[in-house]
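The values are calculated or read from the model by the stated rules, or taken from the named source; none is laboratory data. Quick caveat: nothing in here was measured; it's all calculated off a predicted structure. Cβ sites come from the backbone with ideal geometry, for glycine too, and all protein chains shown count toward neighbours.
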Ligand code: C2E
Ligand code: CA
Ligand code: CA
Ligand code: CA
């Protein structure tokens, strides 16, 4: 038995070491990969549930490593956060997103784009000024940029995060509470936030057409959002049935593979032209 356990531990450790080494490599190569153009920003449409012509997009980071392949965005963000380097990624995504918004505008697609902020971004006091200068440089109205922040990010250092959230709000950016329902923010906390959108986490939406509990949760969350004057988005809409249920609940915006997966800019642009045609 002892021997078997030793073998098990050795294998377990080897697996752990491999994962650890891979993570170190991802972290170590991040900056040069960014410069070498290995990373890209993909766009996933968010469509109006009532108003078909209303389309916006969420910007999502993609890194296809030449040897390691697809790097999971959540893993990457986590690693960068732990290393205190997530700010470099955020700034790069913001800058790409605004450049791409100008390209879309030139094609007649003038839409709002959402960028995700990590928990640590909200503690970086220089970020609102950086966003302001980017908006000015690209001549983009602040209201066209939406920043998505998670419930849990806001609770890491609530006072400090809230102060910066207010600074983005004063700039005129739209703000959204992402992954709603997975954290533990209370109603009074939610009421205090200067946000205009609530995004229901996809874990409640993926099986919406099959699961009565999810239907109950999603319906009451939409009502809650509306009673707080917020626009409600559901992410993770994978089929027509779930979309129809969300519409019947009065959900404002739908996002998910049923409409489109996140795609590179040219593909996204074609999708939009086709959708609104
Ligand atoms: P998120 O902000 O909640 O983004 C939504 C995620 O759900 C994306 O995963 C998207 O591809 C996925 N998704 C959308 N519709 C569907 C669907 O119908 N079915 C399924 N199964 N999934 C769907 P992705 O791109 O892998 O990103 C994962 C997370 O990584 C994001 O979750 C966000 O927390 C983080 N992330 C991605 N890009 C960035 C970024 O540029 N900055 C920061 N700070 N975080 C990012
Ligand atoms: Ca998001
Ligand atoms: Ca989300
Ligand atoms: Ca998420």
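Taking the range 45-54, which residues are at pLDDT 95 or above and either within 16 Å of ligand 4 (Cβ to nearest atom) or surrounded by fewer than 20 Cβ atoms within 10 Å (Cβ to Cβ) (or both)? Reasoning before the result, please.
The first filter runs over the range 45-54 and keeps only residues at pLDDT 95 or above, leaving 45-49.
The answer is 46, 48.
Among (1) more than 29 Å from residue 236 (Cβ to Cβ); (2) surrounded by 14 or more Cβ atoms within 10 Å (Cβ to Cβ), which single condition is residue 79 missing?
Only one criterion in (1) more than 29 Å from residue 236 (Cβ to Cβ); (2) surrounded by 14 or more Cβ atoms within 10 Å (Cβ to Cβ) is unmet by residue 79, namely (1).
Working only within the range 219-235, note down all residues that are closer than 28 Å to residue 43 by Cβ, away from ligand 4 (no atom under 16 Å from the Cβ) and part of a helix (DSSP H, G or I).
222, 225, 226, listed by residue number.
Looking at this structure, is residue 25 surrounded by 12 or more Cβ atoms within 10 Å (Cβ to Cβ), out of contact with any strand residue (DSSP E or B) (no Cβ under 8 Å at 6 or more places or on another chain) and at pLDDT below 95?
Values: surrounded by 12 or more Cβ atoms within 10 Å (Cβ to Cβ): yes; out of contact with any strand residue (DSSP E or B) (no Cβ under 8 Å at 6 or more places or on another chain): yes; at pLDDT below 95: yes.
Here the answer is yes, as residue 25 does meet what is asked.
Check the range 99-110 and report whether any residue there is within 23 Å of residue 75 (Cα to Cα) and out of contact with any strand residue (DSSP E or B) (no Cβ under 7 Å at 6 or more places or on another chain).
Going residue by residue through the range 99-110, those that are within 23 Å of residue 75 (Cα to Cα) are none.
No, there is no match, as no residue in the range 99-110 is within 23 Å of residue 75 (Cα to Cα) and out of contact with any strand residue (DSSP E or B) (no Cβ under 7 Å at 6 or more places or on another chain).
Just a yes or no: is a residue in the range 221-235 in contact (Cβ under 8 Å) with a residue 12 or more places away in the chain, under 27 Å from residue 64 (Cβ atoms), within 14 Å of ligand 1 (Cβ to nearest atom) and within 22 Å of the chain's Cα centre (by Cα)?
Yes.
I need the strands (runs of 3 or more DSSP E) fully contained in the range 115-214, keeping only those with at least 1 residues that are touching a residue at least 60 places away in the same chain (Cβ under 8 Å) and surrounded by 14 or more Cβ atoms within 10 Å (Cβ to Cβ).
Details: elements: 145-150, 174-180, 197-200.
Of the strands (runs of 3 or more DSSP E) lying wholly inside the range 115-214, those with at least 1 residues that are touching a residue at least 60 places away in the same chain (Cβ under 8 Å) and surrounded by 14 or more Cβ atoms within 10 Å (Cβ to Cβ) span 145-150, 174-180.
Only one of (1) in contact (Cβ under 8 Å) with a residue 12 or more places away in the chain; (2) within 21 Å of residue 176 (Cα to Cα); (3) outside any helix (DSSP H, G or I) fails for residue 51. Which number is that?
Evaluating residue 51 over (1) in contact (Cβ under 8 Å) with a residue 12 or more places away in the chain; (2) within 21 Å of residue 176 (Cα to Cα); (3) outside any helix (DSSP H, G or I) leaves (1) as the failure.
On the basis of being more than 21 Å from residue 38 (Cα to Cα), within 16 Å of ligand 2 (Cβ to nearest atom) and either without any contact (Cβ under 8 Å) to a residue 60 or more places away in the chain or surrounded by 15 or more Cβ atoms within 10 Å (Cβ to Cβ) (or both), does residue 94 make the cut? It would help to see each step written out before you state the result.
Working: more than 21 Å from residue 38 (Cα to Cα): no; within 16 Å of ligand 2 (Cβ to nearest atom): yes; either without any contact (Cβ under 8 Å) to a residue 60 or more places away in the chain or surrounded by 15 or more Cβ atoms within 10 Å (Cβ to Cβ) (or both): yes.
Against the criterion (more than 21 Å from residue 38 (Cα to Cα), within 16 Å of ligand 2 (Cβ to nearest atom) and either without any contact (Cβ under 8 Å) to a residue 60 or more places away in the chain or surrounded by 15 or more Cβ atoms within 10 Å (Cβ to Cβ) (or both)), residue 94 does not qualify.
Restricting attention to the range 150-175, report how many residues are within 16 Å of ligand 4 (Cβ to nearest atom) and under 16 Å from the mean Cα position of the chain (by Cα).
Selection size over the range 150-175: 5.
Evaluate the following for residue 74: is it closer than 30 Å to residue 274 by Cα, at pLDDT 95 or above and either within 16 Å of ligand 4 (Cβ to nearest atom) or surrounded by 12 or more Cβ atoms within 10 Å (Cβ to Cβ) (or both)? Let's see the steps before the verdict.
Details: closer than 30 Å to residue 274 by Cα: no; at pLDDT 95 or above: yes; either within 16 Å of ligand 4 (Cβ to nearest atom) or surrounded by 12 or more Cβ atoms within 10 Å (Cβ to Cβ) (or both): yes.
In short, no.
Could you please give the count of residues in the range 236-249 that are touching a residue at least 60 places away in the same chain (Cβ under 8 Å) and either surrounded by fewer than 19 Cβ atoms within 10 Å (Cβ to Cβ) or not in a helix (DSSP H, G or I) (or both)?
1
Out of 185, 196, 231, 176, I need the residue that is at pLDDT below 95 and within 23 Å of residue 128 (Cβ to Cβ). Which one?
Details: 196 fails: at pLDDT below 95; 231 fails: at pLDDT below 95; 176 fails: at pLDDT below 95.
Result: 185 is the single residue among 185, 196, 231, 176 that is at pLDDT below 95 and within 23 Å of residue 128 (Cβ to Cβ).
In the set 81, 103, which member is outside any strand (DSSP E or B), within 16 Å of ligand 4 (Cβ to nearest atom) and touching a residue at least 12 places away in the same chain (Cβ under 8 Å)? Outline the logic, then answer.
On the way: 103 fails: within 16 Å of ligand 4 (Cβ to nearest atom).
Just one listed residue meets the conditions, 81.
Report yes if some residue within the range 8-17 is touching a helix residue (DSSP H, G or I) at 6+ places or on another chain (Cβ under 7 Å), in a helix (DSSP H, G or I) and modelled with pLDDT under 95; otherwise report no. Full working, then the answer.
If we filter the range 8-17 for residues that are touching a helix residue (DSSP H, G or I) at 6+ places or on another chain (Cβ under 7 Å), which is where we start, we get none.
No; the residues of the range 8-17 include none that is touching a helix residue (DSSP H, G or I) at 6+ places or on another chain (Cβ under 7 Å), in a helix (DSSP H, G or I) and modelled with pLDDT under 95.
Among the residues of the range 253-272, what is the count of those that are more than 16 Å from ligand 2 (Cβ to nearest atom) and part of a loop (DSSP other than H, G, I, E, B)?
Matching residues across the range 253-272 total 2.
Restricting to the range 106-128, what's the tally of residues that are closer than 15 Å to residue 61 by Cα and either within 16 Å of ligand 4 (Cβ to nearest atom) or more than 18 Å from the chain's Cα centre (by Cα) (or both)? Steps first, please.
Step one: filter the range 106-128 for residues closer than 15 Å to residue 61 by Cα, giving 113-118.
Narrowing further to those that are either within 16 Å of ligand 4 (Cβ to nearest atom) or more than 18 Å from the chain's Cα centre (by Cα) (or both): 114-118.
Total satisfying the criteria: 5.
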